[in-house]
Amino acid sequence: MNFTASWQDIRLSKYIPTGRVLTMDIIRGIAIILMTIYHQGLVYSLDGTVNNVSYFFGYLAAPFFLAVSGGSLWYHESRHKWPLKMIVHGIILFLFAWMVDIIAHQSFKIDWDIFQLIGIGYAIFGAFNFLGNNTRKYIALAILIVLWAAFPYLRPDKGVFAIWPYGMFFLAGYFFTSYVKSRLNSITLTFLFSLSMIVYVSYWMYVGLLPYIIALEGIIFAICLCFLLWSLGFVLEYKKVLNRSIFSLLLRYGTFPLTLYYCQQTTALFCIKYQTYLNLFALKEINWICQASLLLIVMVLVTYMLERYKFFSIEWWLRKMENIVLTFLPDHKHSYVQSPEVQG
């Protein structure tokens, strides 16, 4: 008996839930790791080159997370033809993120954190889906975007992750997924498009500058990197490469993104507020690496617990709430068609 092969089969069956899109989970996993490293860097008030590295991780984390949520929305549309389901899903996610803000800041002010933006993104798309998944929907969406860009006072998004321009990453992920999935067999076309992205990204690396993330150059830069991940991820998933155990860690992080996100964010806020953090070494940079690594290890262990006791995860409770609400709406039978891509 090949013990190693047998052990890997058992391990694979646990960290790859049936029906999930591995590309989405892996990119979520990357975003969770980048966010954790960045937030722990804030705890230690890094400076110099190390601070620039930490900032770069945080710089990429939000676009990756928003874009993968837009990609998940595309799967929602393809699997659930009922617009109300998307609207309810988005509103519940938004209200949950708002509740976290209320508890954390003792205020009803909406800070527009990343999950509030994602929730509104789902609700807006769900509303436009009443027009049908056709040209009318996209024309209406384009008109809304132009209005919000031209008249900022029409937008309600005064906060960290404003609908404009951060919503562009969400929108980009939606169209990335549609484009790559519909042209997966056209490897040449995807390769040429990806090559142009590589050239653009390489230019910024060559000049040694990092464009401002919410400036046009920064949006294009981050979108280019996201598209490269999308193209590569879907091709590797199509060829069954992502099923290998080497990707297990990323898949674990990406399976419970909401729970792990708030786990690492709460830890960072606690450390900053109470000035309590790992301080074993003379260099704060080493302490930063150690604390971030320790937290990432703890988060991996948390995923094992959540696999066994799913009701401890935020994802489980949001699904539960979503289905309860949907049972009171017309044609509620659609609420029981479960999608693996419902965590935002």
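Residues being assigned to a helix (DSSP H, G or I), among the small types (Gly, Ala, Ser), over 14 Å from LEU249 (Cα atoms) and modelled with pLDDT under 85: count how many of those fall in the range 1-47.
2
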- Message: So the check is Cβ under 7 Å with 6+ separation or different chains; which pairs have a first residue in the range 299-315 that's closer than 19 Å to PHE96 by Cβ and a second one that's open to solvent by 30 Å² or more (accessible area, probe 1.4 Å) and in a helix (DSSP H, G or I)?
- Response: VAL302/CYS263; LEU306/PHE312; LYS310/TRP316; PHE312/MET305
- Selection status of SER69, assigned to a helix (DSSP H, G or I), polar (S, T, N, Q) and either surrounded by fewer than 17 Cβ atoms within 10 Å (Cβ to Cβ) or at pLDDT below 90 (or both): no
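Here's the yes/no breakdown for (1) in contact with a Phe, Trp or Tyr (Cβ under 9 Å, 6 or more places away or on another chain); (2) small (Gly, Ala, Ser); (3) closer than 24 Å to TRP288 by Cβ:
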| position | (1), (2), (3) |
| --- | --- |
| TYR238 | no, no, no |
| SER245 | yes, yes, no |
| SER248 | yes, yes, no |
| LEU258 | yes, no, no |
- Name the residues in the range 232-246 that are in a helix (DSSP H, G or I), farther than 16 Å from PHE65 by Cα and either free of Cβ contacts under 8 Å to residues at least 60 places away in the same chain or not acidic (Asp, Glu) (or both), would you? LEU232, PHE234, VAL235, LEU236, TYR238, SER245, ILE246
- Query: Of these, PRO156, PRO211, PRO165, which one is in contact with a Gly (Cβ under 6 Å, 6 or more places away or on another chain), of a type outside the set (Gly, Ala, Ser) and at pLDDT below 80?
  - Reply: PRO211
- Set TYR55, TYR75, TYR59: member being open to solvent by 20 Å² or more (accessible area, probe 1.4 Å) and more than 19 Å from ILE163 (Cβ to Cβ): TYR55
- Report, by residue number, each residue of the range 247-284 that is within 16 Å of HIS39 (Cα to Cα), in a loop (DSSP other than H, G, I, E, B) and aliphatic (A, V, I, L, M). LEU278
- Picking from LYS320, LYS284, LYS333, which residue would you name as being farther than 20 Å from PHE94 by Cα, charged (D, E, K, R) and modelled with pLDDT of 90 or more? LYS284
- Across the range 125-135, what is the number of residues that are open to solvent by less than 40 Å² (accessible area, probe 1.4 Å) and in a loop (DSSP other than H, G, I, E, B)? 1
- Task: Mind listing whichever residues of the range 190-228 are of a type in the set (Phe, Trp, Tyr) and either in contact with an Asp or Glu (Cβ under 6 Å, 6 or more places away or on another chain) or open to solvent by less than 90 Å² (accessible area, probe 1.4 Å) (or both)?
- Result: PHE193, TYR200, TRP204, PHE221, PHE227
- Residues being in contact with a Gly (Cβ under 8 Å, 6 or more places away or on another chain) and either surrounded by fewer than 21 Cβ atoms within 10 Å (Cβ to Cβ) or not hydroxyl-bearing (Ser, Thr, Tyr) (or both) - total across the range 229-275: 9
- Message: So LYS81 passes all but one of these: (1) within 30 Å of PHE221 (Cβ to Cβ); (2) assigned to a loop (DSSP other than H, G, I, E, B). Which condition number does it fail?
- Response: (1)
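Collect the residues in the range 56-77 that are closer than 16 Å to ILE30 by Cβ, of a type outside the set (Phe, Trp, Tyr) and in contact (Cβ under 8 Å) with a residue 40 or more places away in the chain, keeping them in residue-number order.
LEU60, ALA62, PRO63, LEU66, ALA67, VAL68, SER69, GLY70, GLY71, SER72 - these are the residues of the range 56-77 that are closer than 16 Å to ILE30 by Cβ, of a type outside the set (Phe, Trp, Tyr) and in contact (Cβ under 8 Å) with a residue 40 or more places away in the chain.
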- Task: Please state which of the following conditions ALA104 fails to meet, knowing it meets all the rest: (1) out of contact with any Lys or Arg (no Cβ under 8 Å at 6 or more places or on another chain); (2) over 19 Å from ARG319 (Cα atoms); (3) part of a loop (DSSP other than H, G, I, E, B).
- Result: (3)
- Message: Name the single residue that is nearest to LEU73 (Cα to Cα) among those in the range 85-109 being charged (D, E, K, R) and open to solvent by less than 40 Å² (accessible area, probe 1.4 Å).
- Response: LYS85
- Message: So, GLN40, is that one in contact (Cβ under 8 Å) with a residue 60 or more places away in the chain, out of contact with any strand residue (DSSP E or B) (no Cβ under 8 Å at 6 or more places or on another chain) and among the polar types (S, T, N, Q) or not?
- Response: yes
- Message: If I ask for residues that are more than 23 Å from the chain's Cα centre (by Cα) and not in a helix (DSSP H, G or I), which ones from the range 136-182 would you list?
- Response: PHE151
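The values are calculated or read from the model by the stated rules, or taken from the named source; none is laboratory data. Just so it is clear, the model here is predicted, and its values are computed rather than measured. Ideal geometry is used to build each Cβ from the backbone, glycine not excepted, and the neighbour counts take in all protein chains shown. Just so you know, the surface numbers come from the protein's heavy atoms only, side chains and all, with ligands and any DNA or RNA stripped out. Shrake-Rupley method; radii C 1.70, N 1.55, O 1.52, S 1.80 Å.
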